[in-house]
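These notes concern the structure reproduced below.
Each reported figure results from applying straightforward, stated rules to the coordinates on display, with no laboratory input. Predicted model, so just to flag it, every value in this text is computed and none were measured. Methodologically, a virtual Cβ is constructed for each residue, glycine included, from the backbone with ideal geometry; neighbour enumeration extends over all protein chains shown.
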Amino acid sequence: MMKPPSILPLRLDRVVLDIGGKRVIKDVSATLTAAPCSIVLGPNGAGKTLLLKLCHGLIAPTAGSVTWAGAPCGNVQHAQAMVFQQPVMLRRSVAANIAYALTVRGRPRAEQRARIDDVLARTGLRRFAESPARRLSVGEKQRLALARAWAIEPQVLFLDEPTASLDPAGTRQVEEIILAIHRGGTKVIMTTHDLQQARRLADEVMFLHRGRLYEQTPAAAFFTAPRTPEAQRFLEGTLFPNIRRVV
Amino acid sequence: MDNNGGEETAHACAAKRAGWSGVSDLWSAVESAALLIFTLDSDLVEIVLRSLRVTLTAVTIAAVIGLPFGAALALLRFPGRRLILVALDTLMGLPPVTVGLLVYLMLSRSGPLGTLGLLYTTTAMIIAQCLLVAPIIAALTRQTIEDLWEEYRDELRSLGASTLGAAGTLLWEGRVTLMTAMLAGFGRASAEVGAVMIVGGNIDHVTRVMTTTIALETSKGNLALALGLGIILVCVSLLVAAGIHGFKATAHRWGA
Ligand SMILES: Nc1ncnc2c1ncn2[C@@H]1O[C@H](COP(=O)(O)OP(=O)(O)OP(=O)(O)O)[C@@H](O)[C@H]1O
Ligand SMILES: [Mg+2]
């Protein structure tokens with residue numbers, strides 16, 4: 001089987017996003033290459049979720065451009081997948097949820113069964129295969145969302161705080177899955193505000209604060225010697241979102 | 001309570017009904033109603049079957065129109081959409097007799113569709129009931145799908161579903177609510193009397209349905225048939241309500 005050409009690098013060129021007259025993403029430029037696991041770090045409301053949705057093509061920038069190996073967003077979405085902060089499951093069985101994703105992506109039925117069994121086993125969900133997906137616990141839903149994304153074998157996987165409401169064991173389990181997907185050759189772009197998690201997973205860190213990209217630095221350098229004072233304060237835990245603007 | 005037929009005026013009927021009293025009379029009406037039901041009286045069976053045929057056909061057509069129309073209104077943005085939404089709400093609240101009148105005017109000999117010769121046929125009644133039910137189904141579908149879309153939009157678009165695909169998915173996701181809406185529409189249509197009376201004409205063996213027969217037979221004083229049909233109508237409502245609950249319970253068990 002011929003391997004499809006890579007859609008990477010992802011290039012953001014002076015991306016701006018206004019929502020309701022408010023500038024929520026400010027002049028972000030960056031290049032993301034195929035190999036590293038990129039972690040988008042930043043406090044609540046920094047714009048991490050919006051940045052992911054911009055990259056994934058779910059929202060269009062007000063100004064600037066998002067391109068994948070030179071091509072506009074819409075043309076390459078089929079090579080991407082995203083796991084949302086609160087994944088939505090269809091009102092059908094766990095296995096049928098994965099089958100739905102495969103069908104939408106045009107995978108022939110004949111090869112779906114094996115693919116579904118494989119990802120369910122890898123995410124520890126095999127015994128839930130026929131359970132209603134909406135009945136799963138939060139942690140199990142998160143793993144199903146990962147299984148669904150994994151099944152379609154994307155070149156790029158976006159993850160929005162995939163462990164936000166999980167206990168330590170659940171967090172470990174999800175991190176193992178993410179690492180396995182990354183080892184399989186998928187580019188991972190993930191948000192978190194959990195510093196420990198970022199240390200465990202990141203190859204490079206993109207630090208976002210109030211809609212601005214302050215730095216994009218290899219992980220080791222970021223955690224030992226951040227270049228910007230904002231990142232320094234974030235690492236110390238003394239960076240607070242601007243309360244006055246929220247009120 | 002036999003009715004001597006002929007040219008009784010409404011006034012005389014009313015006087016007769018006012019005079020009708022006593023527990024024994026009521027009891028005998030109940031008895032003969034029960035007899036009609038249990039012996040499967042041919043007139044009664046004919047009327048019940050016609051009612052069900054008319055209403056089921058009307059609701060099916062209304063669903064075939066209302067479901068995709070509602071879904072399109074929920075997912076698409078186009079000029080004039082607000083206007084359609086207002087029109088839909090208006091149609092939903094319209095008194096059935098005015099819908100009947102409207103269909104009557106369309107189908108009457110001098111009306112725009114007069115040449116079809118549909119007035120006083122079951123087809124005319126199906127059209128009237130369809131006009132009553134389709135707006136309900138469309139409006140409820142629109143609301144249901146719009147709420148679901150709010151929740152599912154990012155996920156479905158991320159997975160790569162087209163708008164058409166998303167519409168199909170969301171109709172299936174909303175199946176419990178939508179099924180309830182259709183059953184409610186069935187209830188409304190089968191309980192309605194004004195519109196089908198106007199366009200059907202309540203012709204014996206042709207367009208007589210349960211509600212119109214009850215209205216007529218009661219005014220004629222033939223309580224047995226009226227009561228028999230009334231009991232069946234109540235049973236139909238009961239079945240619809242039980243159906244809704246049973247459906248919800250089953251769906252809930254399956255996590256829908
Ligand atoms: N649909 C919207 N309408 C208006 N403002 C929005 C909308 N979505 C996001 N915002 C604003 O944009 C900013 C960034 O939001 P975003 O969800 O990207 O933050 P985040 O970094 O993901 O935060 P968290 O860590 O809490 O998830 C916030 O101030 C938020 O209030
Ligand atoms: Mg977020």
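Peptide A:150-163: average number of partner chain Cβ atoms within 10 Å per residue?
Details: counts 0, 0, 2, 0, 0, 0, 0, 0, 1, 0, 1, 0, 0, 0.
Mean shielding count: 0.
If only the Cβ of Lys and Arg carry +1 and only the Cβ of Asp and Glu carry -1, the dipole of the protein assembly as shown around its Cα centre is close to 1920 debye. Most mobile of B:S110, B:S237, B:S190 per a Gaussian network model of chain B (Cα springs, under 10 Å)? Fluctuation is largest for B:S110. Taking other residues whose beta carbon is less than 15 angstrom from the beta carbon of B:V54, and scoring Lys, Arg as +1 and Asp, Glu as -1, yields +2. Put the Cα centre of segment B:195-256 next to the Cα centre of segment A:153-173 and the gap is 55 Å. Projecting the Cα atoms of A:L208, A:I19, B:I127 onto the dipole axis of the protein assembly as shown, where Lys and Arg carry +1 and Asp and Glu carry -1 at the beta carbon, places A:L208 farthest toward the positive end.
Remark: segment B:113-129, residue by residue, has Karplus-estimated 3J(HN,Hα) of 10, x, 5, 6, x, 8, 4, 6, 10, 5, 4, 4, 5, 4, 4, 4, 5 Hz, where x stands for each Gly or Pro and the curve is 6.51 cos²θ - 1.76 cosθ + 1.60 at θ = phi - 60°. Principal semi-axes of the equivalent ellipsoid, √(5λ) from the alpha carbon gyration tensor of chain A, are 31, 21, 17 Å from largest down. Pick out, from A:L58, A:P132, B:L229, the residue whose Cα sits farthest towards the positive end of the charge dipole of the protein assembly as shown, with +1 on the Cβ of Lys and Arg and -1 on the Cβ of Asp and Glu. It is A:L58, whose Cα lies furthest towards the positive end.
Tell me, rounded to the nearest percent, the portion of alpha carbon pairs in segment A:120-247 spaced more than 23 Å apart.
Details: 3380 of 8128 pairs.
Beyond 23 Å sits 42 percent of the P(r) for segment A:120-247.
Taken about its Cα centre, segment A:1-116 carries a charge dipole of roughly 420 debye when the Cβ of each Lys and Arg holds +1 and the Cβ of each Asp and Glu holds -1.
If I stretch the segment between A:S65 and A:V138 completely, what's the gain in nm (0.36 nm per residue apart, minus their alpha carbon distance), one decimal?
On the way: separation 73, 0.36 × 73 = 26.28 nm, distance 3.52 nm.
Here the segment from A:S65 to A:V138 would lengthen by 22.8 nm.
About the Cα centre of segment B:39-209, what is the dipole size in debye to 20, counting +1 per Lys and Arg Cβ and -1 per Asp and Glu Cβ, all else neutral? Intermediate values should be presented prior to the final figure.
Numbers: 12 positive and 13 negative charges, 96 e Å.
The calculated dipole for segment B:39-209 is roughly 460 debye.
Spin-label pair A:A96-B:S42: with each label point 7 Å from Cα along the Cα-Cβ axis, the two points sit 4.8 nm from one another. The amide H of A:V188, built 1.01 Å from its N in the peptide plane, has A:S38, A:L157 as neighbours under 5 Å, considering only residues 5 or more places off or on other chains.
Each 10 Å bin from zero holds the following percent of Cα-Cα pairs in the protein assembly as shown: 4, 15, 20, 17, 13, 11, 9, 7, 4, 1, 0.
May I ask for the net charge around A:H209, where only other residues with Cβ less than 11 Å from the Cβ of A:H209 are counted and Lys, Arg are +1 while Asp, Glu are -1?
Numbers: positive: A:K26, A:K48, A:R210, A:R212, A:R233; negative: A:E215, A:E230.
With Lys, Arg at +1 and Asp, Glu at -1, the neighbours total +3.
Listed values for segment A:79-85 are Karplus-derived 3J(HN,Hα) couplings in whole Hz (6.51 cos²θ - 1.76 cosθ + 1.60, θ = phi - 60°), namely 9, 10, 9, 9, 10, 7, 4, and x replaces Gly and Pro. Shown in residue order for segment A:172-189 are the 3J(HN,Hα) couplings computed by the Karplus curve 6.51 cos²θ - 1.76 cosθ + 1.60 at θ = phi - 60°: 4, 4, 5, 4, 4, 4, 4, 4, 5, 5, 5, 4, x, x, 8, 5, 10, 10 Hz (x for Gly and Pro). Peptide A:89-100 is shielded by partner chain Cβ atoms: per residue, an average of 3 of them sit within 10 Å of its Cβ. Per residue of B:155-168, other chain Cβ atoms within 10 Å of the residue Cβ number 5 on average.
GNM on chain B, alpha-carbon springs under 10 angstrom: the most fluctuating residue among B:A87, B:A62, B:A184 is B:A87. Here A:T103 and B:L26 are evaluated by their C-beta separation; at R0 = 60 Å the FRET efficiency comes out at 0.45.
Every helix of 4 or more DSSP H residues in the protein assembly as shown counts as -39500 (n - 2.57), and over all residues that averages to -18500 deg cm²/dmol at 222 nm. Charge tally around A:L32: other residues with Cβ under 12 Å, Lys/Arg +1 each, Asp/Glu -1 each, net 0. Subtracting the Cα-Cα distance of A:H193 and A:R172 from 0.36 nm times their residue separation leaves 6.0 nm of extension gain.
If you take the Cα atoms of segment B:39-209, find Rg, then find the Kirkwood Rh from the mean of 1/r over all pairs, what is Rg/Rh?
1.07
Each part reduced to its alpha carbon centroid, segment A:82-116 and segment B:37-82 end up 34 Å apart. Spin-label model, B:L91/A:Q232: points 7 Å from Cα along the beta carbon direction are separated by 6.7 nm. Pairs over the 23 Å Cα-Cα cut-off, from the set A:K3/A:K187; A:K26/A:K53; A:K3/A:K48; A:K22/A:K48; A:K22/A:K53; A:K26/A:K48: A:K3/A:K48. Springs between Cα atoms under 10 Å define the GNM used for chain B, and in it the highest mean-square fluctuation of B:A161, B:A195, B:A215 occurs at B:A161.
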